[in-house]
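Q: Encoded as structure tokens, here's the structure I'll be asking about.
The values are calculated or read from the model by the stated rules, or taken from the named source; none is laboratory data. Given the structure is predicted, the values throughout are model-derived calculations rather than measurements. Here Cβ is always computed from backbone atoms with ideal geometry, including for glycine, and neighbour counts include all displayed protein chains.
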């Protein structure tokens with residue numbers, strides 16, 4: 001007997017028919033003698049409809065009311081899933097965020113989880129192995145008693161946090177792909193599904209553009225040590241594939257140096273030419289951007305060709321590009337740069353692997369391979385277990401395939 | 001300064017555009033210096049969509065889960081209305097049933113209101129006259145902490161109960177008609193909008209087929225003495241009509257003998273011929289019907305033409321007609337009747353007026369007038385302030401118009 005959390009995303013519960021299919025996966029786990037909590041997203045498309053109404057109501061809508069409106073989507077799915085499970089003869093009931101309760105901070109629209117009280121759900125497990133069908137994405141603030149949401153994709157985070165709160169043996173994330181791949185199979189047909197990947201690597205992949213799991217859910221899984229599977233809800237419920245296990249590095253016997261290649265098109269580059277090279281100039285540039293909630297990612301500073309000034313290059317999310325440009329143009333006098341250059345047709349390609357810690361020269365091999373293909377590198381950042389390069393977007397596929405082959409990730 | 005509850009039904013909040021229109025009515029009352037609580041229904045059509053999903057999930061869905069699913073409709077509207085009011089510069093926030101809290105019994109799907117705790121809303125009034133936008137139709141059970149709903153049309157009941165709980169000066173029910181009419185204007189073009197109608201009369205009208213207000217809302221208004229207006233949300237928000245006031249009989253100066261004519265097509269007639277006229281026969285017939293939750297309305301018993309047996313006629317809701325027939329046929333031996341006859345093409349026409357208490361012969365005039373038009377009366381029931389006749393459905397319009405004229409209700 002195990003205790004597990006099963007999470008189903010929007011496409012897996014898009015219609016009542018699909019909810020019935022997802023329920024067959026739940027029945028399999030229940031029939032195997034497990035204690036099961038289910039976490040559901042809103043039916044695919046519903047959240048967008050609700051968000052559109054909020055925007056129609058006001059261009060500057062109150063985030064607390066937004067949370068009230070959009071959380072209704074998960075409420076519908078959890079009720080329907082409970083009905084379907086009961087129809088199959090299984091004991092089940094729905095739980096909203098405020099009923100569990102799952103506590104969230106008062107940062108409406110992107111609340112941080114403050115805690116999960118699993119007592120009510122555990123009582124149901126003890127009584128008759130009642131299946132707890134929980135609305136993902138939502139919680140309640142313990143001080144205002146208002147509904148909060150965890151931001152888009154927050155149902156993954158709900159599921160992992162609930163698994164931690166219930167001390168579950170594992171968390172299964174059912175989605176429309178059957179696991180985590182070495183890179184996007186749509187770009188590299190030779191991409192391989194991994195059996196296992198470490199928390200640290202998955203965290204980098206999620207941060208660097210892989211859309212399989214939400215970053216915060218991986219953080220919580222890592223900190224709370226929740227073994228988490230990514231698997232497909234469209235598998236045969238009687239005979240499903242195991243998917244990919246995200247687990248402790250120590251539980252992975254045969255470790256690759258590089259385990260995956262991620263890429264993100266959501267990057268824009270800004271370069272400030274011939275900035276006066278004096279103390280405080282970095283603060284003058286990046287302070288205002290931080291104040292405006294613009295996330296700066298890669299930063300490179302090099303001495304200009306005149307040897308007296310410096311060139312500063314960095315990236316921001318594409319959505320913030322225009323705002324960041326305007327902000328820097330407004331501060332032209334303070335910062336004293338000669339020219340501001342920018343590009344949005346760029347892509348960030350990253351290679352991830354905990355093996356990099358103990359192997360030197362991993363990144364250098366990549367720079368050489370990309371150069372041989374005539375791909376110009378605009379910027380580089382590295383960390384302990386990954387490196388990223390910024391290149392022209394036109395070379396995305398070529399660069400990803402080149403690195404995928406280089407590190408021996410291609411399927412046989 | 002007054003304290004008031006304003007309720008908007010599904011057609012009044014069917015789109016964001018209509019919510020904005022309803023909000024202009026709220027703004028008018030707020031700008032006049034009033035403390036305002038708003039009660040909203042789900043956007044028109046939403047509840048039907050949610051109910052259809054429940055039915056698709058299971059033909060015998062759990063009522064507690066049904067409540068969870070359908071209550072989401074009002075949650076969306078209350079959030080959107082709060083956003084719209086804030087956009088207009090008004091202080092506002094949404095309240096779900098469990099947040100107010102409005103307590104309901106555990107009869108899921110048709111919960112009885114057990115109480116309303118207005119402390120949170122009143123604190124908002126005191127702080128900055130914050131407008132409380134409450135989800136109608138829903139509450140929370142104080143013992144299970146689960147969402148309950150009050151049954152279809154329950155938002156009227158929510159509004160009146162909230163007005164009582166907040167000790168409001170009045171409750172305004174905004175709907176798609178501009179008041180309560182002497183009868184259905186679609187049938188009698190000369191129907192008049194009443195300025196005032198007594199609680200007792202409104203209760204009879206709602207019970208007897210008028211669809212303007214839900215019966216339970218009128219009961220609560222009557223018991224708690226909440227002056228209630230029925231008025232139109234489609235009036236010009238700057239210059240609205242006052243609508244119809246439902247109030248104490250004593251507050252109506254010029255009382256008519258008959259104030260309104262109602263009719264209901266939701267009736268079916270069953271007649272048992274030549275039932276053995278012995279003690280306990282009524283119990284043998286109506287006991288099983290009550291056990292089967294079939295509501296029997298009009299009952300007439302007359303001695304048969306053979307002077308030794310009795311004929312018993314009664315009406316049931318059309319939806320229960322087949323079930324009632326089958327139940328009585330199964331008990332043919334117990335009840336010992338000679339024949340069972342039935343009809344569904346019948347209509348119940350009722351005249352209502354507190355003036356009947358002090359005026360004799362009011363019903364007799366109706367019987368004569370209907371006879372003169374060649375309309376056959378199948379059954380009659382009377383009470384202190386109303387009488388009803390059952391006739392062939394083909395004569396509905398003629399009978400309603402005849403009585404409307406007879407009692408002087410036609411507009412000049």
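Q: So, in region A:6-24, of the ones that are in contact with a strand residue (DSSP E or B) (Cβ under 9 Å, 6 or more places away or on another chain) and surrounded by fewer than 19 Cβ atoms within 10 Å (Cβ to Cβ), which residue ends up farthest from the other protein chains (Cβ to nearest Cβ)?
A: A:11
Q: Using the structure shown, decide if residue A:140 is under 17 Å from residue A:74 (Cα atoms), within 14 Å of another protein chain (Cβ to nearest Cβ) and out of contact with any helix residue (DSSP H, G or I) (no Cβ under 9 Å at 6 or more places or on another chain).
A: yes
Q: Considering (1) part of a loop (DSSP other than H, G, I, E, B); (2) under 27 Å from the mean Cα position of the chain (by Cα), say which one residue B:132 fails and leave the rest.
A: Condition (1) is where residue B:132 drops out.
Q: Sort through B:89, B:120, B:97 and tell me the only one that's under 30 Å from residue B:31 (Cα atoms), more than 7 Å from chain A (Cβ to nearest Cβ) and buried (at least 17 other Cβ atoms within 10 Å of the Cβ).
A: None of the other options fit; the residue is B:97.
Q: So residue B:368 passes all but one of these: (1) surrounded by fewer than 17 Cβ atoms within 10 Å (Cβ to Cβ); (2) under 17 Å from residue B:188 (Cβ atoms). Which condition number does it fail?
A: Tallying (1) surrounded by fewer than 17 Cβ atoms within 10 Å (Cβ to Cβ); (2) under 17 Å from residue B:188 (Cβ atoms), residue B:368 fails exactly one: (2).
Q: To continue, here is another question. Report yes if residue A:33 is within 12 Å of another protein chain (Cβ to nearest Cβ) and modelled with pLDDT of 95 or more, otherwise no.
A: No; evaluated as a whole, the condition is false for this residue.
Q: Which residue, of A:215, A:197, A:160, A:177, is within 21 Å of residue A:388 (Cβ to Cβ) and in contact with a strand residue (DSSP E or B) (Cβ under 9 Å, 6 or more places away or on another chain)?
A: Among A:215, A:197, A:160, A:177, only A:197 is within 21 Å of residue A:388 (Cβ to Cβ) and in contact with a strand residue (DSSP E or B) (Cβ under 9 Å, 6 or more places away or on another chain).
Q: Out of the residues in region A:36-63 that are part of a helix (DSSP H, G or I) and more than 7 Å from chain B (Cβ to nearest Cβ), state the one that is nearest to residue A:141 (Cα to Cα).
A: Restricting to residues being part of a helix (DSSP H, G or I) and more than 7 Å from chain B (Cβ to nearest Cβ), the top hit is A:63.
Q: Okay, moving on. Hey, residue B:250 hits all of (1) surrounded by 12 or more Cβ atoms within 10 Å (Cβ to Cβ); (2) assigned to a helix (DSSP H, G or I) but one; which does it fall short on?
A: (1) is the only condition that residue B:250 fails.
Q: Could I ask something else about it? Residues to consider are A:84, A:70; find the one that is crowded, with 24+ Cβ neighbours inside 10 Å and either over 23 Å from the mean Cα position of the chain (by Cα) or outside the structural domain of residue A:166 (by TED's automatic domain parsing) (or both). Before you say what the answer is, go through the steps one by one.
A: Working: A:70 fails: either over 23 Å from the mean Cα position of the chain (by Cα) or outside the structural domain of residue A:166 (by TED's automatic domain parsing) (or both).
Exactly one residue qualifies, and that residue is A:84.
Q: If you don't mind, there's one more thing I want to ask. Check whether at least one residue in region B:118-128 is under 15 Å from the mean Cα position of the chain (by Cα) and within 25 Å of residue B:70 (Cα to Cα), and report yes or no.
A: no
Matching residues to (1) surrounded by fewer than 24 Cβ atoms within 10 Å (Cβ to Cβ); (2) more than 10 Å from every other protein chain (Cβ to nearest Cβ):
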residue	(1), (2)
B:74	no, no
B:128	yes, yes
B:134	no, yes
B:153	yes, yes
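Q: Conditions first: (1) assigned to a helix (DSSP H, G or I); (2) more than 7 Å from every other protein chain (Cβ to nearest Cβ). Residue A:84 passes all but one, so which condition is the exception?
A: (2)
Q: Do the conditions hold for residue A:27, that is, is it more than 23 Å from residue B:73 (Cβ to Cβ) and either touching a helix residue (DSSP H, G or I) at 6+ places or on another chain (Cβ under 7 Å) or surrounded by fewer than 24 Cβ atoms within 10 Å (Cβ to Cβ) (or both)?
A: When the stated conditions are applied, residue A:27 passes them.
Q: Next question. Would you mind stating whether residue B:218 is assigned to a loop (DSSP other than H, G, I, E, B) and crowded, with 17+ Cβ neighbours inside 10 Å?
A: The answer is no for residue B:218.
Q: Of these, A:28, A:3, which one is out of contact with any strand residue (DSSP E or B) (no Cβ under 9 Å at 6 or more places or on another chain), at pLDDT 95 or above and over 30 Å from residue B:18 (Cβ atoms)? Spell out how you get there, then give the answer.
A: Values: A:3 fails: out of contact with any strand residue (DSSP E or B) (no Cβ under 9 Å at 6 or more places or on another chain).
Within the list A:28, A:3, the selection yields A:28.
Q: What do you reckon, is residue B:106 over 21 Å from the mean Cα position of the chain (by Cα) and either in a helix (DSSP H, G or I) or crowded, with 16+ Cβ neighbours inside 10 Å (or both)?
A: no
Q: Might you let me know whether region B:371-378 holds any residue that is farther than 23 Å from residue B:188 by Cβ and exposed (fewer than 12 other Cβ atoms within 10 Å of the Cβ)?
A: No, region B:371-378 contains no residue that is farther than 23 Å from residue B:188 by Cβ and exposed (fewer than 12 other Cβ atoms within 10 Å of the Cβ).
Q: Going through region B:388-412 one residue at a time, which ones are surrounded by 15 or more Cβ atoms within 10 Å (Cβ to Cβ) and not in a helix (DSSP H, G or I)?
A: B:388, B:389, B:390, B:391, B:392, B:407, B:409, B:410
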